[in-house]
Amino acid sequence: MQTAVIIGVGPLQGLGAVLSRAAAQQGLHVVVAGRSADKLEAVVAAIESDGGAATAVACDTTDEQQVVSLLEAAEAIGPVDLAIYNAGNNMPSMFLDTSVEHFEKCYRVGLLGGFMFSREALRKMVPRGSGCLLFTGASASMRGKPGFAAFTAAKGGLRNLAQSLAREFNPQGVHVGHVVIDGGIYGEKIESNFPEWYEKLGSEGLIGLEGIAEAFIYLYRQPRNAWSHELDLRTHVENF
Ligand SMILES: NC(=O)c1ccc[n+]([C@@H]2O[C@H](COP(=O)([O-])OP(=O)(O)OC[C@H]3O[C@@H](n4cnc5c(N)ncnc54)[C@H](OP(=O)(O)O)[C@@H]3O)[C@@H](O)[C@H]2O)c1
């Protein structure tokens, strides 16, 4: 059985978890990875109750050895055919008050982790000449914004990393894609951190998890003579 590795998996009503369930429905054994074992186990249980197969691996994507071990663990279950870098931490801060620690934290989760994860995934995929490596982007991937310098620097860097990898590794048979999520997600993160915004925008004004997962699976399933590199998703009411 081929495997999918998805890093940045948290609550069940979060993007990492929904991507994991969608990947399992493609017949892949899904290695769900994040820092919280209890959340990962809940996602594994949900996949198993859907009839799929999954394994939880605790991994902090900013730790090189843990990332190396994650890809080794996945490959030991089966060839890695899909790898998704979903980790990201949107932490606003006014620029003149931004500490080096804050900037570095955004960079480590948003970009450095993506570099290490993609290098290890590609080390498995390239010798086989197949596989699909996808990245979760945000509005911040496309443009800087006051109050978000650290986050947008990381997300913009991740998008450029994805482009570089697509141009280098598509010709070697690995599909590299990037999905821009242009707006808030109708999920646990916004509901718990910004309840008023969640209430006000609701399911019409925030982007649906199932629709986002469909976009990732669409990229994964594309035939190699018709690959997209990037998809952008927003609600019908988004001003862009
Ligand atoms: N939420 C939104 O509105 C929104 C909008 C646009 C784009 N996005 C993008 O979508 C992606 C998913 O974000 P989300 O906020 O919706 O969360 P999510 O997919 O529900 O969960 C992502 C999980 O990643 C885990 N994580 C964080 N840092 C990590 C690290 N260093 N190593 C491993 N795992 C880590 C966290 O779980 P633990 O704390 O348990 O490790 C977090 O719950 C991000 O790339 C984000 O930029 C989100």
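Every number here is computed from the coordinates shown, using simple stated rules; none is lab data. Keep in mind it's a predicted model, so treat the numbers as computed, not measured. Please note: Cβ atoms are built from the backbone with ideal geometry, for glycine as well, and neighbour counts cover all protein chains shown.
Limited to region 14-51, what total is found for residues that are crowded, with 17+ Cβ neighbours inside 10 Å, outside any helix (DSSP H, G or I) and more than 11 Å from the ligand (Cβ to nearest atom)?
Qualifying residue count, region 14-51: 4.
Evaluate the following for Ala54: is it of a type in the set (A, V, I, L, M), within 16 Å of the ligand (Cβ to nearest atom) and either touching a Pro at 6+ places or on another chain (Cβ under 6 Å) or not in a helix (DSSP H, G or I) (or both)?
It is true that Ala54 is of a type in the set (A, V, I, L, M), within 16 Å of the ligand (Cβ to nearest atom) and either touching a Pro at 6+ places or on another chain (Cβ under 6 Å) or not in a helix (DSSP H, G or I) (or both).
In region 78-95, which residues are out of contact with any strand residue (DSSP E or B) (no Cβ under 8 Å at 6 or more places or on another chain) and either among the polar types (S, T, N, Q) or within 12 Å of Met116 (Cα to Cα) (or both)?
Those that are out of contact with any strand residue (DSSP E or B) (no Cβ under 8 Å at 6 or more places or on another chain) and either among the polar types (S, T, N, Q) or within 12 Å of Met116 (Cα to Cα) (or both): Asn89, Ser93.
Listed here are the residues, each with its yes/no results for (1) free of Cβ contacts under 8 Å to residues at least 24 places away in the same chain; (2) in contact with a strand residue (DSSP E or B) (Cβ under 8 Å, 6 or more places away or on another chain).
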| position | (1), (2) |
| --- | --- |
| Ala76 | yes, no |
| Met116 | no, no |
| Gly131 | no, yes |
| Ser141 | no, yes |
| Gly147 | no, no |
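Of everything in region 65-74 that's crowded, with 16+ Cβ neighbours inside 10 Å and not β-branched (Val, Ile, Thr), which residue is farthest from Ala4 (Cα to Cα)?
Gln66
I'd like the full set of residues that are away from the ligand (no atom under 13 Å from the Cβ) and buried (at least 17 other Cβ atoms within 10 Å of the Cβ), limited to region 173-183.
If the condition is that a residue be away from the ligand (no atom under 13 Å from the Cβ) and buried (at least 17 other Cβ atoms within 10 Å of the Cβ), then Val174, His175, Val176, Gly177 are the ones that fit.
Hey, among the residues in region 104-124 that are away from the ligand (no atom under 15 Å from the Cβ) and crowded, with 18+ Cβ neighbours inside 10 Å, which one's farthest from Gln172 (Cα to Cα)?
Lys124
Which one of Pro92, Pro79, Pro11 is within 24 Å of Ala154 (Cα to Cα) and away from the ligand (no atom under 12 Å from the Cβ)? Talk me through it step by step, then tell me what you get.
Working: Pro79 fails: within 24 Å of Ala154 (Cα to Cα); Pro11 fails: away from the ligand (no atom under 12 Å from the Cβ).
Just a single option satisfies the conditions, and that option is Pro92.
Yes/no per residue for (1) part of a helix (DSSP H, G or I); (2) buried (at least 21 other Cβ atoms within 10 Å of the Cβ); (3) touching a Gly at 6+ places or on another chain (Cβ under 7 Å); (4) among the small types (Gly, Ala, Ser):
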| residue | (1), (2), (3), (4) |
| --- | --- |
| Val126 | yes, no, no, no |
| Phe135 | no, yes, yes, no |
| Gly147 | no, no, no, yes |
| Gly156 | yes, no, no, yes |
| Leu161 | yes, no, yes, no |
| Ser164 | yes, no, no, yes |
| Glu168 | yes, no, no, no |
| Pro171 | yes, no, no, no |
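For region 184-221, how many residues are surrounded by fewer than 20 Cβ atoms within 10 Å (Cβ to Cβ), part of a loop (DSSP other than H, G, I, E, B) and among the small types (Gly, Ala, Ser)?
So the answer is 1.
Tell me yes or no: at least one residue of region 166-173 is without any contact (Cβ under 8 Å) to a residue 40 or more places away in the chain and small (Gly, Ala, Ser).
no
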